[in-house]
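Have a look at the structure below, then the notes.
The values are calculated or read from the model by the stated rules, or taken from the named source; none is laboratory data. Please read all numbers here as calculations on a predicted model, not as lab measurements. Backbone-built Cβ (ideal geometry, glycine too); neighbour counts: all protein chains shown. Surface areas here come from the heavy atoms of the whole protein model, side chains and all, with no ligands, DNA or RNA. Shrake-Rupley method; radii C 1.70, N 1.55, O 1.52, S 1.80 Å.
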Amino acid sequence: MNKISIVGAGMTGSTTAHWLAERELADLVLVDIVEGMPQGKGLDMLEAMPIIGKDVEIVGSNDYAATKGSDIIIITAGLPRKPGMSRDDLLSANAEIVGKAASETFKYSPDAIYIVLTNPLDTMAYLTLKTNKLPRERVIGQAGVLDSARMRAFVGMETGISLENIQCYVLGGHGDEMVPLTRLSNIAGISLKDYLPADKLEAIVNRTRKGGGEIVNLLKTGSAFYAPAAACAQMAEAILKDKHLIVPCAAYMQGEYGLNDIFFGVPVMLGRKGMEKIIEYKLDAEEKAAFDKSAAAVKETHDALKKLVKI
Ligand code: APR
């Protein structure tokens, strides 16, 4: 059986375990700093396995040793942004947490592939890659699958058409500057630009960009977790089943799209080696400008990290 360890057994981490257990893809380990919580959630989930008929071992621990021999490590540990906390405060708190999660898990699973979700996600993926000096295939940031799924859901709500017919591609950094590619996004092959009136499409793009905030405003105590967790589970499945699935993810850029030394949301092919290939779309001038603007925002956060941590 494959093994997946999830660091951070909070809302997203434990929900990722839930989606993964349903798929019977791998044995699961939940690690968290809170004593008893990952053990309790792990045992509770394990006790659900006879009911859903899945032979999956699930354990929770406060000790990284439990992650030994993992095929995939998913990092969701971190602090949410609290009122009064600046983006830089959050960066420094989460950099410490993610840096430790990366180096501790690496001791026990030197061959693992990393999926990083903690925000600021592009920069936390960068930190993971640099901390463990990994080849770029083995570190993937989750954001594009989620942002694209949100856009697909909104298009579905607008049109009533099956979500299976709706493909959307949201690229770039996971922030206000994300780049929903309306020309390439389509319903059964018809570009969204041709299918939807401009005002409707613009509303969908805006809602997608603010998708995370919309959920935070509704929940009031926390951020989205079902869809982010489903995204992590889809990525892990594509890797373990060697599917060569093309989805938008944050990947380490080495010249693609004219970008270098940053993690950036682009279409990638996921398979057993991890991030096997970056797909390069032919962007028009407007799309390229949006890409460059988003990349500049991501680079700023990378630069802030480099001031905090020696990597
Ligand atoms: N080691 C292990 N786990 C930690 C550590 C640490 N040093 N510090 C915090 N954690 C755990 C917390 O105890 C908590 O259980 O990380 C978990 C985060 O879970 P939640 O607070 O429920 O947050 P969640 O909604 O799951 O989001 C996780 O994803 O959206 C991003 O950056 C955002 O921090 C957020 C992360």
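Just a few scattered comments:
- Residue list for the stretch 71-94, restricted to those being assigned to a loop (DSSP other than H, G, I, E, B), more than 12 Å from the ligand (Cβ to nearest atom) and surrounded by 15 or more Cβ atoms within 10 Å (Cβ to Cβ): ASP71
- Filtered residue count, the stretch 189-234, keeping only those that are among the polar types (S, T, N, Q) and not in a helix (DSSP H, G or I): 3
- Across the stretch 44-51, a minimum of one residue is classified as outside the structural domain of GLY213 (by TED's automatic domain parsing) and within 16 Å of the ligand (Cβ to nearest atom).
- Contact map, the stretch 1-27: residues that are open to solvent by 40 Å² or more (accessible area, probe 1.4 Å) and modelled with pLDDT of 95 or more paired with residues that are among the hydroxyl-bearing types (Ser, Thr, Tyr) and near the ligand (Cβ under 9 Å from one of its atoms), Cβ distance under 9 Å, separation 6+ or inter-chain. Pairs shown: MET11/THR76; MET11/SER223.
- Scanning the stretch 112-121 for any residue that is crowded, with 18+ Cβ neighbours inside 10 Å and part of a helix (DSSP H, G or I) turns up at least one such residue.
- Test for LYS200: is it surrounded by fewer than 18 Cβ atoms within 10 Å (Cβ to Cβ), more than 17 Å from the chain's Cα centre (by Cα) and farther than 20 Å from VAL116 by Cβ: yes
- Residue match in the stretch 8-15 (condition: more than 15 Å from the ligand (Cβ to nearest atom), outside the structural domain of SER223 (by TED's automatic domain parsing), assigned to a loop (DSSP other than H, G, I, E, B) and of a type in the set (Gly, Ala, Ser)): no
- Residue in the stretch 254-267 that is outside any helix (DSSP H, G or I), modelled with pLDDT under 95 and not aromatic (Phe, Trp, Tyr) present: no
- The listed residue being farther than 29 Å from PRO80 by Cβ and surrounded by 23 or more Cβ atoms within 10 Å (Cβ to Cβ), out of SER185, SER148: SER185
- Identity of the residue in the stretch 95-107, open to solvent by less than 40 Å² (accessible area, probe 1.4 Å) and β-branched (Val, Ile, Thr), that ends up nearest to ALA65 (Cα to Cα): THR105
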